[in-house]
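Here the structure is laid out as structure tokens; the discussion comes afterwards.
The values are calculated or read from the model by the stated rules, or taken from the named source; none is laboratory data. What you are looking at is a predicted structure, and each value in this text was computed from that prediction instead of being measured. Reconstructed Cβ throughout: ideal geometry from the backbone, glycine too, with neighbour counts over all protein chains shown.
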Amino acid sequence: MKLSKLSKEKRQQLVLVVLATVGILAGLAFGLVKNQYQTLARMAVGKTDSERKFRQIQDSVKRSPQLEADLRQARAALATEASDVASGDLYDSIYTMVRKFKGNDYQVQIPQFGRTGAAVDVNCLTGFPYKQVSMPVDGTARYQEFGRFLADFENRFPHVRIVNLSLEPLADSPSDEQERIAFRMDIVTLVSPTTP
């Protein structure tokens, strides 16, 4: 059938039918097929992410012996670092720590250890698994010797700190001991989380 033989009205109807058909097909292409392409694109991105996660898991599985060795090493280091943390009878633990450290190396007399308070949460870190306890200590020493004792003590025990330190010259000292002082301080130490 030739278009020239068709009447003008029939040609217009045919053009309208063709245009409507093309419009419907374009609408279907954009409505249905485009949605499918977008779904395929999202699935491709999801597949890429899943493959990346799978590779990470495989790498972790391959590194698991090394990770286990690192974990054992970290636990051993933590146990070593926590060896000076108070546990059990807190008074005895702190008393023993100070007495063993002082030994005969320092000419510091500490005749009085106060009572330990209750173990409380560490006041500078929230969610920290350790608690802290404080013990007041009074004693006497030569000024220089006490300074050496204090510096060495804090360097030896990184989990212990000295707070509320007060120094006073001894009024009843003989003239050759004019540099003797009386001191009062609080020893604050971490408490093991396993201590009740």
Residue within the stretch 8-24 that is modelled with pLDDT under 80, outside the structural domain of Phe128 (by TED's automatic domain parsing) and within 30 Å of Pro158 (Cβ to Cβ) present: no
Restricting the stretch 125-136 to residues that are surrounded by 13 or more Cβ atoms within 10 Å (Cβ to Cβ) and out of contact with any helix residue (DSSP H, G or I) (no Cβ under 7 Å at 6 or more places or on another chain), the residue that is farthest from Ser93 (Cα to Cα): Phe128
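The rows are residues; the columns are (1) modelled with pLDDT under 75; (2) over 28 Å from Arg180 (Cα atoms).
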site: Asp89; (1), (2): yes, yes
site: Thr96; (1), (2): yes, no
site: Lys100; (1), (2): no, no
site: Gln112; (1), (2): no, no
site: Gly117; (1), (2): yes, yes
site: Cys124; (1), (2): yes, yes
Test set (1) under 32 Å from the mean Cα position of the chain (by Cα); (2) among the hydrophobic types (A, V, I, L, M, F, W, C); (3) within 23 Å of Asp105 (Cα to Cα); (4) at pLDDT below 85 - Ile162 fails condition number: (4)
Options Glu81, Glu145; residue that is farther than 30 Å from Gln56 by Cα, in a helix (DSSP H, G or I), modelled with pLDDT of 75 or more and of a type in the set (Asp, Glu): Glu145
